[in-house]
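Note sheet for the following structure.
The values are calculated or read from the model by the stated rules, or taken from the named source; none is laboratory data. As the structure is a prediction and not an experimental result, all values here were calculated from the model. For accessibility, only protein heavy atoms count, side chains too; no ligands or nucleic acids. Shrake-Rupley method; radii C 1.70, N 1.55, O 1.52, S 1.80 Å.
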Amino acid sequence: VGRLPMSGTAFVSVKDADKPQAVEVAHQLHEVGFKLIATRGTQRVLAAAGVPAELVLKATEGSPNIVDAMESGGVDLVINTTHGKQALKDSYTLRRTALSRDIIYTTTIWGAEAMVKAIRDLVVGLEDGTFGVRSLQEHHGGEKLEKL
C-alpha cells in the first residue's frame, strides 16, 4: 500500500448519489494544490460548482483514457465510487491498474473524505509548522505534567 500523496493529480469519478460530497472533496484537494481530472458527469458537476477539473475518458470510452494516464504516471490519487454491476465491472481495469502502480485508491465517498482530511491536515501542518514530533508539554501549552 502506498503513501498518501501531498500533491499531484487526483482522479475523481463518482456515482450520482456521491456527487454533492465529491464537490467538497475535490474543492479541498484543489485548495491544497492538487490538479483534478474527472470523467464527464463528475467533471460537469465540479465545473458547475466552480471546481476546476480536466476531462478524462473512462477506460471504456476510448483512448487516451484514465488507465492510460495512470500507466504513464500521471495520476497520484484515485476516488472512484460506482453503482451497479456494469459500473463495477467497467472499473475493474481502473482498480487493477491502481493496485499495480501503487496508486492510492478509494471506492467510497467516506474513504475519500477521510483521505482528504488527512492530506489537508498534513499539508497545512507542514506549512505552518504544527506537524511533527512534539513533547506532551508542547501539546499542552508548556504546562508541567504531574507524575502519575
Table column - 3J(HN,Hα) (Hz), the stretch 55-64, Karplus curve with 6.51, -1.76, 1.60, x for Gly and Pro: 7, 9, 6, 5, 4, 8, 9, x, 9, x
Residues of the stretch 1-105: accessible area per residue with a 1.4 Å probe, Å²: 53 Å²
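So what is the relative contact order of the stretch 2-128, in percent, for Cα pairs below 8 Å that sit 6 or more residues apart? Intermediate values should be presented prior to the final figure.
On the way: 192 pairs, mean separation 38.6, N = 127.
It comes to 30 percent, rounded to a whole number.
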What's the carbon and sulfur percent of the stretch 26-105's accessible surface, probe 1.4 angstrom, rounded to a whole number? 51 percent
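Here is the link list: Lys19/Lys58; Lys35/Lys89; Lys58/Lys89; Lys35/Lys85; Lys58/Lys85. Which ones come out longer than 19 Å on Cα distance? Each step should come with its number before you reach the end.
Values: Lys19/Lys58 17 Å; Lys35/Lys89 27 Å; Lys58/Lys89 12 Å; Lys35/Lys85 30 Å; Lys58/Lys85 16 Å.
The pairs that break the limit, which is 19 Å between Cα atoms, are Lys35/Lys89; Lys35/Lys85.
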